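This report concerns only the one structure given below.
The values are calculated or read from the model by the stated rules, or taken from the named source; none is laboratory data. These figures come from a predicted structure and were not determined experimentally. Ideal geometry is used to build each Cβ from the backbone, glycine not excepted, and the neighbour counts take in all protein chains shown. These accessible areas exclude ligands, DNA and RNA; they are computed on the full protein's heavy atoms, side chains included. Shrake-Rupley method; radii C 1.70, N 1.55, O 1.52, S 1.80 Å.
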Amino acid sequence: MSDIEYREILFEVSDPVAVITLNRPEALNALTDRMLAEIRHALAAAEQDERVVGIVLTGAGRGFCPGMDMNALDSMSSGRGEREDLSALAAQPGDPALGENFQVTFGYLLAVRKPIIAAINGACAGLGMAIALLADLRIVERQSKFSTAFSQRGLIAEHGMSWTLPRLVGAGNALDLLWSARKFDGEEAHRLGLAERLVETGEAQKTAIEYVNELAARCSPTSLQVIKAQIHRHMNMQLGESMHETNAWMAESLQREDFREGVRSFIEKRPPRFRRVKA
């Protein structure tokens, strides 16, 4: 699957990290249908690659992603233009066992079996921001500029942002950012809780890669996968329901070799040797 030649992204695996780079720097990495298909395909490839513990999503050049390419939006709104045949890029990343909630449009990002870290290095708006919010963590450079953008284009909060944004920053802040579509920088993103890490210019990708390397050195990839599923599934559940599922999954984890290895490595005072996972 990963042997396909991508045109609008870069995809590189260097154990234990897969880096997906949006690669239209002349357009600040504005999205096209092809780029969206390539991102989905690359995420599936990373999910199936046993070397990969975590995935870093970033942008080439000065931008992360300002949303859909405006020329593509103009063609869409006017009904002009033919859609490119992207069937060769068809892919189904994400664990279907997590349920239908994670199979609607870009919700599949939350179901990908490995951590996704958005390394935000510049402009991040519209659908680009929606995708960043569906990553598991966001590492943001101080100079980055954000905007929800939708209300200024005659649109609404799209692509799950009405679900993700208030969970990160609260309802009032979410309404402010969505109503005004004002620009705000990485420092405010961090202060509001939209970003988990704030770094200096040029440091987001490096920091994200270091984070994945640390996870790979210390943590069970299977535990990372199950914990991700717990967090995203259980935000949609009642407490008792989530506790019942947790109890069942905990019983399974106690039977795994990873649990035995985790205990042995602690007693023997050595780094753990956990089994890698793939889809």
*So which lysines can Lys183 reach, going by Cα to Cα under 19 Å and dropping same-chain residues fewer than 8 places off?*
Lys145
_Rounded, prolate or oblate for the stretch 143-279? Axes are the square roots of the Cα gyration tensor eigenvalues, ordered a ≥ b ≥ c, and the cut-off for rounded is a/c under 1.5._
oblate
*Restricting attention to the stretch 187-219, which GluC sites (Glu not before Pro) occupy a DSSP loop and are surrounded by at most 14 other Cβ atoms within 10 Å?*
Glu200
_Mean-position separation - Cα centroids, the stretch 140-205 and the stretch 118-138, in angstrom_ = 8 Å
*Amide H partners (placed H, <5 Å) of Arg113, local residues excluded*: Gly94, Asp95
*State, as an integer percentage, the relative contact order of the chain based on alpha-carbon contacts under 8 Å between residues 6 or more apart.*
18 percent
*the stretch 28-33 - phi-based ³J(HN,Hα) in whole Hz, Karplus 6.51/-1.76/1.60, Gly and Pro as x*: 6, 6, 4, 7, 10, 4
_Per residue accessible area in Å² of the stretch 84-213, where ligands, DNA and RNA are left out and the probe is 1.4 Å_ = 44 Å²
_Whole-Hz ³J(HN,Hα) for each residue in the stretch 197-210, computed from phi via Karplus 6.51 cos²θ - 1.76 cosθ + 1.60 with θ = phi - 60°, x for glycine and proline: what do you get?_
9, 10, 10, 7, 4, x, 9, 5, 5, 4, 5, 5, 5, 4
*Of all DSSP beta bridges in the chain, what percent run antiparallel (nearest 5)?*
25 percent
_5 Å is the cut-off here: which amide hydrogens, built 1.01 Å from N in the peptide plane, fall below it relative to Lys145, excluding neighbours closer than 5 in sequence?_
Gly122, Ala123, Cys124
*Please give the residues of the stretch 109-141, grouped as numeric ranges, whose backbone N is less than 17 Å from a label point set 7 Å along the Cα-to-Cβ vector of Ser151.*
125-127, 130
